[in-house]
Amino acid sequence: MTAADHMHLVRLLELQLRDYWHEVDSNQGRAAHLFYTDDALFEVPPDTVYSGREGIAAFYRYRVARGPRTALHVINNFRLGETAPGEAAATWYLQLFAADGHPPHSGTQPIMVARMTDLHRQQPDGGWLCARRRFDTMFKDGIPITTMPDGTAGAQQ
């Protein structure tokens, strides 16, 4: 891959990541599953994995059904790592500010800071989708992040 191709792919994937979190924060993730491959894994250690596009869609439907939630996903330090033809690995950091209900909310600290690891695959149409997204939590506040309860369709616990 040439340096220009690398920079183009960095920008493309970073913009796609920004569009994804904008979808989650402004539309409660109703279309978030469309950013993933059919066989994607959405991993929230230590024990939650949403499998496939449908499993990810089920998680976001659950999130919407819980009622109003204010979320702001702040992303930074996007870095494109090793790539293979048709695949691209990336790491970046996520700061999550979130609380149930409508704003404004008290508090100024993120409820989670995580190192994120993604694997993207190029699709037959030339576009890119996320095939794996893994959260590795580095800092955590007392407010819980949203996960589906045990036994809910689409999640492996």
**Message:** Just to confirm the number: angle between the C-alpha axis of helix 52-65 and the first principal axis of the chain, 0 to 90 degrees, nearest 10?
**Reply:** 30
**Asked** So what is the relative contact order of region 20-119, in percent, for Cα pairs below 8 Å that sit 6 or more residues apart?
**Response** 21
**Message:** Compute the angle between helix 3-27 and the longest alpha-carbon principal axis of the chain, please, reported from 0 to 90 degrees and rounded to the nearest 10.
**Reply:** 20
**Request:** Take every DSSP beta bridge whose two residues both sit in the chain, then give the antiparallel share in percent to the nearest 5.
**Result:** 90
**Request:** Along each of the three principal axes of the Cα atoms of region 1-66, give the extent in whole Å, ordering the values from largest to smallest.
**Result:** 45, 26, 21
**Asked** For the chain, what % of the accessible area comes from carbon and sulfur atoms, probe 1.4 Å?
**Response** 54
**Request:** Treat each spin label as a single point 7 Å out from the Cα along the C-beta direction, and report the Val64 to Thr147 distance in nm.
**Result:** 2.4
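The values are calculated or read from the model by the stated rules, or taken from the named source; none is laboratory data. Bear in mind the structure is a predicted one, so any value in this text is a computation, not a measurement. Quick reminder, even Gly has a Cβ in these numbers, built from the backbone with ideal geometry, and neighbours come from all protein chains shown. Note: accessible area is taken over every heavy atom of the protein model, side chains too, but ligands, DNA and RNA are not part of it. Shrake-Rupley method; radii C 1.70, N 1.55, O 1.52, S 1.80 Å.
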